[in-house]
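The values are calculated or read from the model by the stated rules, or taken from the named source; none is laboratory data. Here the structure is a predicted model, which means the values were calculated and not measured. Cβ placement follows ideal geometry from the backbone for every residue including glycine, while neighbour counts extend to all protein chains displayed. Note: accessible area is taken over every heavy atom of the protein model, side chains too, but ligands, DNA and RNA are not part of it. Shrake-Rupley method; radii C 1.70, N 1.55, O 1.52, S 1.80 Å.
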Amino acid sequence: MDIVISSIAQGLLWSVMAIGVYLTFRILDIADMTAEGSFPLGAAITAHAIVSGTGPIVATLMGFVGGAAAGAVSGFLTTKLHIPDLLTGILTMTGLYSVNLFIMGKANISLIGTVKTVFNLTDSGDATTIGIMVGAIVVAMVIGILVFFFHTEMGLAAAAVGNNQDMAAANGINNDAMKIIIYMLSNGLIALSGSLMAQTNGYADLSMGIGTIVIALAAIIISEILVRGVPLWARLLMIIVGAVIYRLIIAVVLDMGVDPNYLRFFYALMLTVFLSLPLLKKKLFQLKVRHGNRRPVKQSQTTTPKAADTMAVSPMEQQKEAR
């Protein structure tokens, strides 16, 4: 039971990052590698701000703004300089490594001690319970804001760019501006997740962003396996479920005694399996259809005995009987 509760607490925080990746992955059809840099960027900004005396809520918002700025850089590179999407993410991620090191001044900042975080603003309650409460509040706010945004004129325009850029441009929508906005929202949420993870783990580290894109994609794919063709708010809720399931699988694997050093390999393997499931389901359906078509067709039993006798008589014999 403890594994399930801790997985829910961690999954809620990871789901914020997964929702951020979902924006670029499904709306713009881009697996944005900027996530690997913006996640530790949010953690670095928040940790440095908290240690410097800034309030945890303000520091968390600063982390979101920092991630949005990183997303703006990626959006500018891909829209204005026409650098391919994948290279854009790699370039920004590489540059953010030095930016994060400059912000923190060292490879690691500890938040364990007397510093206040969003998880210890109140001294009452179990740490896991408080983690679930804070995560649920943040996720509810994120989903509410995104649903509201995508029902506004700007949000509808951004979604239209993702569906059909040519048609969006024909209707007077600035495709480049909408792409940059999606990049900013996406990486802002990813940095927000990094900020929260740094506070719940008690440290910010330069390497904490490695593999984040894999975790986010796994949560998204799990959610899409569970449900399809549902409204936006339901899709975002299912991403939360996918993140929780993913964290639960990881917790079970660790509980089985697997070496934590091999977790990265397990992340990649599990994502490969999840990504291949739609294709496997399609192949299985095709095999069933082919097997069904190969079944022998039963001869119709509706023919009357007289008609059957007529069919059995040759044409020459029929002419003789007619004479």
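Probe radius 1.4 Å, ligands and nucleic acids ignored: give me the carbon and sulfur share of the accessible area of the chain as a rounded percent.
Percent of accessible area from carbon and sulfur atoms in the chain: 66.
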Separation in nanometres of the label points that stand 7 Å from Cα toward Cβ, at residue 252 and residue 4: 1.2 nm
Cα-based Rg and Dmax for region 157-226, where Dmax is the largest Cα-Cα distance (Å): 16.4, 50
To the nearest 10 degrees, how steeply does helix 85-104 sit against the main Cα axis of the chain, on a 0 to 90 scale? 20 degrees
Helix 35-51 sits at what angle to the longest principal axis of the chain, using alpha carbons and giving 0 to 90 degrees rounded to 10? 30 degrees
If one computes the Cα centroid of region 146-174 and of region 231-269, what distance in Å separates the two points? 32 Å
For the pair residue 149/residue 230, report the inter-label distance in nm, with labels modelled 7 Å from Cα in the Cβ direction. 2.1 nm
How do the peptides 21-30, 180-189, 219-228, 274-283 rank, highest first, by the average count of neighbouring beta carbon atoms within 10 Å per residue? 180-189, 21-30, 219-228, 274-283
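What number results when the radius of gyration of region 232-277, computed over Cα atoms, is divided by 2.2 N^0.38 Å? Don't jump to the answer; show the numbers that get you there.
Numbers: Rg = 12.5 Å, N = 46, 2.2 N^0.38 = 9.4 Å.
My calculation over the Cα atoms of region 232-277 gives 1.32.
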Would you compute, from DSSP H runs of 4+ residues alone, the mean residue ellipticity of the chain at 222 nm, taking -39500 (n - 2.57) per run and dividing by the full residue count, rounded to the nearest 500? -24500 deg cm²/dmol
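How high is the relative contact order of region 1-91, in percent, with contacts defined as C-alpha pairs under 8 Å that are six or more residues apart?
On the way: 63 pairs, mean separation 25.7, N = 91.
Over region 1-91, the number comes to 28 percent.
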Given backbone amide H placed at 1.01 Å from N, residues whose amide H is under 5 Å from that of residue 111, ignoring those fewer than 5 places away on the same chain, are 203, 204
Taking the chain as a Gaussian network, where each spring joins two C-alpha atoms under 10 Å apart, which residue of 91, 12, 236 fluctuates the most? 91
Surface per residue (accessible, 1.4 Å probe) for region 70-225, Å²: 47 Å²
Want the number for residue 286 to residue 94: 0.36 nm per residue separation, take away the alpha-carbon distance, what's left? 64.8 nm
Descending Cα extents along the principal axes, region 1-78, whole Å: 42, 36, 16
Quick one: grab the alpha carbon gyration tensor of the chain, order the square roots of its eigenvalues as a ≥ b ≥ c, and give me rounded if a/c is under 1.5, else prolate or oblate depending on whether a/b is larger than b/c. prolate
After finding the eigenvalues of the alpha carbon gyration tensor for region 116-186, what semi-axes result from the square roots of 5 times each, listed largest first in whole Å? 39, 11, 8
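With r as the distance between the Cβ atoms of residue 170 and residue 264 and R0 = 56 Å, compute the FRET efficiency 1/(1 + (r/R0)^6) and round to 0.05. Provide the component values of the computation, followed by the final result.
On the way: r = 45 Å, r/R0 = 0.80.
Plugging the Cβ-Cβ distance into 1/(1 + (r/R0)^6) gives 0.80.
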Accessible area (Å², 1.4 Å probe, nearest 10) - residue 148: 150 Å²
Any chance you could give the angle, 0 to 90 degrees and rounded to 10, that helix 56-79 forms with the longest Cα principal axis of the chain? 60 degrees
